[in-house]
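Everything below concerns the one structure shown next.
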Amino acid sequence: MKHKAKRAASLALGLALALQVGAAASAQGLPTGGYENGAAALNLTQIARYSSGQYNVDGGVMEIVTYNSDTGYAYAINGQSGKLAAIPLSGLTAGVHVEELPGTDIDVKALVEAEDDAFQYGDMTSVAISPDNTTLAAALQAEGHNDPGRVALFTCGEDGSLTLQGLVEAGAQPDMVTFADNATALTADEGEPREGYGENTVDPKGSVTVVDVEKGESTVVDFSAFDSQRDVLAEDGAVLKKGSNPSVDLEPEYIAVAEGKAYVTLQENNAIAVLDIASKTFEGVYPIGFENYSKTPIDIDKKDDAYAPKTYEGLMGIRMPDAIAAYTVGGETYLVTANEGDAREWGDEDAGTFYLNEEEVDFGDEGAVSPAGTITGESGLTGKVVFFKSEDFDGLDGTKDYLFGGRTFTIFQVTEQGLAEVFTSGGDFESLTAKYVSDYYNTSNDNAVLDDRSGKKGPEPESVTVGEVNGRTYAFVALERTGGIMVYDVTDPENAASVNYINTRDFEAIVEGSEQYEDGELDKWVTGGDVAPEGLLFLDREKSPNGEPLLLAACEVSGTVAVYQLGDKALTVLPFADVEEGRWYVEAVRYAYENSLMEGTSGTAFAPETNLSRAMAVQILFNLEGQPDVSDENLENPYTDVDGEAWYAEAVYWARLHKVAEGDGDGTFRPGDEISREEFAQMLYNYAKYNGCDLSAEGDLGRFPDGDSVQEWALPAMAWANGNELINGHDDGTLDPAGNTTRAQAAAILMRFDQNLVQQ
């Protein structure tokens, strides 16, 4: 086609600008898209958000999210209210933005206490849905830290409601629950020493509880068998508090299931335990190694207000994995860990039982030196650095200094000998966040101060999940502090590569009422958007409510659940609140908007039911042509009712110049008049003729009861439009040539016209 090159270039520019806007901001000014959208193999775009209406600078609001693909309800734990939010997602439409999803609170505590008043309810820590979508399991901690917890089993109702089936006893402090299959649930029972260390204190046993869902019975599997192997574990690099046995010191955090095995992160111990589910026995405890900062640059200076990575001889990062995910490649099982780090801070100072395994060094002080002496004031550091108090623990090298967490994610292959490391992300998370959010690099989740977390755990990778999109496997890693989600292609585990990063936190906004003041100065606050992603959930196309892969992120500070759509193409989110989910015209409106054929009547409205005006019609065709420059053309204006400064003026001039549309014989164009279906058909016919399109197709207008009402001048155009299925009959069988054309109808006609005729 003679115009194709011009139009392609013009539309490419228009589309690029549209995608840039879509990736940068929604109608409300919040970020919505991945920073590499349009260039990445996998694009992420936020299409919806649920807000609990609560927030907490210290976190703990929206924590874990699960989803029932049969009912279309997501369930998210609100740690602040203690309730479970049931969030309907079934109405989501691919690519249509929903600013605020509804939700209903379910009072799990009340249901549990009504069932068993002997159980002293503490809090709910995790939820999961069985593979067959029939059962929801909730992990419940007892009010007494050392008492057995419970797994509450609920039947899922079609309306999102939950009916309590029963309670099953678990180990102390169940922190995560998952399903191995429909009949088996597992909990990671952390068993933290919340009373601290000292006389008459209890450090409860860590364990994994195996729940028989059908029978309502459980088996608590602890680590007592490893007490005799303590020295070997420490020699291999398991971090164990001196004077403690593995049975009480090992603290399960998270579970991933694959091939009949449960892989359990022991965060504080820097290890992974492997449980054979069928036999309910641990096969081994495997330390997972350290990050070596003599080889990998790291930024630990919070005072320089910049990304300044350096290597430090003798400095190591204790990975301390939080979440874990499993996937299979070529019949081999691989594990992915988010290496967050976690301190032990327990007990009561007044009772003399308080313990903290942090050792803070301020390198701004004269003569400051790291605990092992590897870093001194000569290093150039000027700020505070928090080191691991390694003198209290076995499994570490006394000649080295250690930091909490690895600031990484790591991939391990499961072997007959245990675990083999095949990939670690090294300094990626710091370098990438410095690139994408340079003004908020290593900021914290409870404020937006540049470099604030450099001396602690940096971006703090918290959660990880794995999913397959279009034949490629991706790892999604949530950064608790800086915020956002890193995306890596892990299809080839040994050659994992960064693909994209999305962060829908609004760093510029402070949530009203969230400010905390210290000595009269702002100390902590909650920024807007989605802050501190705690739990991630991947939904493939089969499970997704809108037929496209989705990623859900529960954010513990902002109290929100973000919904991201994933795909190989950059997605422009429709900002129109009046483009209703599930309506017939959604796809057409998207096409017209993405291809810069139609804009909204405002920033948030498309007005789909509003009738199209003649000015709108010529502007649409002008857009379709790529808005060619008409400044050198004869722009004499014969129309008395067309202001040369009007938004549609150039389009009218262009349409007249190329005989796409003409005015009346009285010297008017009637730009504000609503355009009939036959008038619109005539304009399209004229435009097709101008572009050399095939005009041979003719529909049989006689098959319509009102086909003979088409005006003579419009007969060729209407027959052509009907023959190309651009303008069809109404549901009642009429053609309605004199009827109005709505903006939604125009979008549908334009999509078919552009796809079937212009681009052929």
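Read-outs throughout are calculated quantities, based only on the coordinates presented, and are distinct from any laboratory measurement. Worth saying up front: this structure is predicted, and the values here are computed from it rather than measured. All Cβ positions, glycine included, derive from the backbone under ideal geometry; neighbour counts span all protein chains shown.
Numbers at a glance
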item: Cα centroid separation - the stretch 654-689 against the stretch 523-549, whole Å; result: 47 Å
item: Normalised contact order of the chain, rounded percent, pairs of Cα under 8 Å and 6 or more residues apart; result: 13 percent
item: Amide H within-cut-off set for LYS83, under 5 Å, with H built and near neighbours excluded; result: ASN78
item: Separation of alpha-carbon centers, the stretch 199-272 and the stretch 58-105, rounded to whole Å; result: 31 Å
item: Dipole magnitude of the stretch 586-758, debye to nearest 20 (Cβ charges: Lys/Arg +1, Asp/Glu -1, about Cα centre); result: 300 debye
item: In the stretch 264-305, the trypsin sites (Lys or Arg not before Pro) that fall in loop regions by DSSP, at most 16 other Cβ within 10 Å; result: LYS280, LYS295, LYS303
item: Gyration tensor (Cα) of the chain, equivalent ellipsoid semi-axes in angstrom; result: 58, 29, 22
item: Scaled radius of gyration (Cα, divided by 2.2 N^0.38 Å) that the stretch 635-694 gives; result: 1.13
item: Cα-Cα over 27 Å, subset of LYS384/LYS524; LYS205/LYS280; LYS435/LYS543; result: LYS435/LYS543
item: Proxy reagent accessibility, fewest Cβ within 10 Å first, across SER52, SER631; result: SER631, SER52
item: Amide H contacts under 5 Å for ASN270, placed H, 5+ residues apart; result: VAL239, MET320
item: Net charge, GLU36 excluded, C-beta distance under 14 Å - Lys, Arg +1, Asp, Glu -1; result: -1
item: Cβ-placed point charges (K, R +1; D, E -1), dipole of the stretch 31-567 about Cα centre in debye, nearest 20; result: 1400 debye
item: Sequence of THR328, THR527 once ranked by neighbouring C-beta atoms within 10 Å, starting from the fewest; result: THR328, THR527
item: Whole-number D in µm² s⁻¹ for the stretch 586-758, Kirkwood Cα-pair radius fed into Stokes-Einstein, 4 °C, 1.567 mPa s; result: 79 µm²/s
item: Cα centroid separation, the stretch 466-495 to the stretch 690-760 (Å); result: 47 Å
item: Per-pair calculated FRET efficiency, R0 = 25 Å: TRP584 and TRP713 via Cβ, rounded to 0.05; result: 0.25
item: Computed Rg/Rh of the stretch 436-588, alpha carbon atoms with Kirkwood Rh; result: 1.02
item: 3J(HN,Hα) from dihedral phi, the stretch 288-295, Karplus parametrisation 6.51/-1.76/1.60, rounded to Hz, x for glycine, proline; result: 10, x, 9, 8, 9, 8, 7, 10
item: Per-residue HN-Hα couplings for the stretch 218-234 [Karplus 6.51, -1.76, 1.60; θ = phi - 60°; Hz; x = Gly/Pro]; result: 9, 10, 9, 9, 9, 9, 4, 5, 8, 4, 6, 9, 4, 4, 5, 4, 5
item: Residues whose placed amide H lies under 5 Å from that of ILE64, excluding near-sequence neighbours; result: ILE77
item: Helical contribution to [θ] at 222 nm, DSSP H n ≥ 4, -39,500 (n - 2.57), averaged over the chain, rounded to 500; result: -4500 deg cm²/dmol
item: Residue exposure sequence - ARG505, ARG590 - by fewest surrounding Cβ within 10 Å; result: ARG590, ARG505
item: Potential extension, VAL232-LYS689 segment - 0.36 nm per residue separation minus Cα distance; result: 156.2 nm
